[in-house]
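Below is one structure; the comments refer to it alone.
Bear in mind that the values in this text are calculations on the coordinates, not laboratory data. Here the structure is a predicted model, which means the values were calculated and not measured. Counting neighbours? That spans all protein chains shown, and the Cβs are built from the backbone with ideal geometry, glycine included.
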Amino acid sequence: MKRAAAAVLVVSMLVLAGCSATLPGTNAEETGTVQLYVSDERNAIDQFSRLDVTVTGVAFRTAEQSPEAATTATNVTGSGLPTDATDATDDWERHAVENVTVDLTRLQGENATRLGNLTVASGDYGAVRLDVAAAEGTLQDGERVDVTLPSDRLRLDDRFTVESGSEVEFVFDVTVVDAGDSGRFVLKPVASESGTDRTVRLVDATVDTPLAAGANVGDQSGTGARTSEDLELHVDGMPAPGQTVTVRATRDDAPVTGARVLVDGESVGTTDADGALDVTLPSSGETTLRVEHGSASVDAHLVFG
């Protein structure tokens, strides 16, 4: 598929009969799994060496609640900044997702990366909204810039149907705009490139973020760990009970070789030349990771909920 230059957010809805979770007023056969993906295409993205976007939630509005939906997107003002004045919050079905950060520069063309899974009711929908906590970029010359978006969210109006037992992929296309002489960059939806008739290629472009000492992952809090000698603990993957993740130790963004990794106080190995060690998390609802190197150490307390 060939599209105009843009950054693309992809929402893929897999509607499966007999899902374990149900929504109020529905039964298991009337719900499905929503998988969120992010993809990227050329535009102002070419000016960035890195562009990190953190998604914290997704919301759906049914067609009945969105009678005006007619494949329209957020408007852009003369200043180049988008507006979203009609986005009321009381008639959206909102779903929180773990704070997942993706680097849009890693995603080109049809490439997309999965953000998470949600359970949704089957039915007719008229709008999709993504909640974004942060959009931060580094230009090719090394300058760090903020990327703006309307009210910390991206909304697209488009009618589509999710039938029980069906699989639906919805592409949420977002272009990155250079707002002229203002020096600002803007994310905005592109209705003409969005919808259920798009194709994507799944890749992994999630960005790991340092976990702070005492970070409560289940409550989605805590990033940017630093202890003595600037030792940092990173977790690559989606931490969950019984899952295998990669623990990495860095100092000043460089890998730390030979750092000791402990899980709940028990040593499980040392980091390799890349500063990494694969660790299988316990099946309990919480665990503590620790990395030690020399006189420096950092802990991360993970609570799953």
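You can think of it this way: the chain between Thr244 and Arg50 has 67.1 nm of extra reach, that is 0.36 nm per residue less the Cα-Cα gap. Note on Ser166 and Ala96: the extension gain reaches 22.9 nm, defined as 0.36 nm multiplied by sequence separation minus the Cα-Cα distance. If R0 is 25 Å, the Cβ-Cβ spacing of Ser192 and Asp236 corresponds to a FRET efficiency of close to 0.10. FRET efficiency for the Asp152 to Ser284 pair, using the beta carbon distance and R₀ = 35 Å, is estimated at 0.55.
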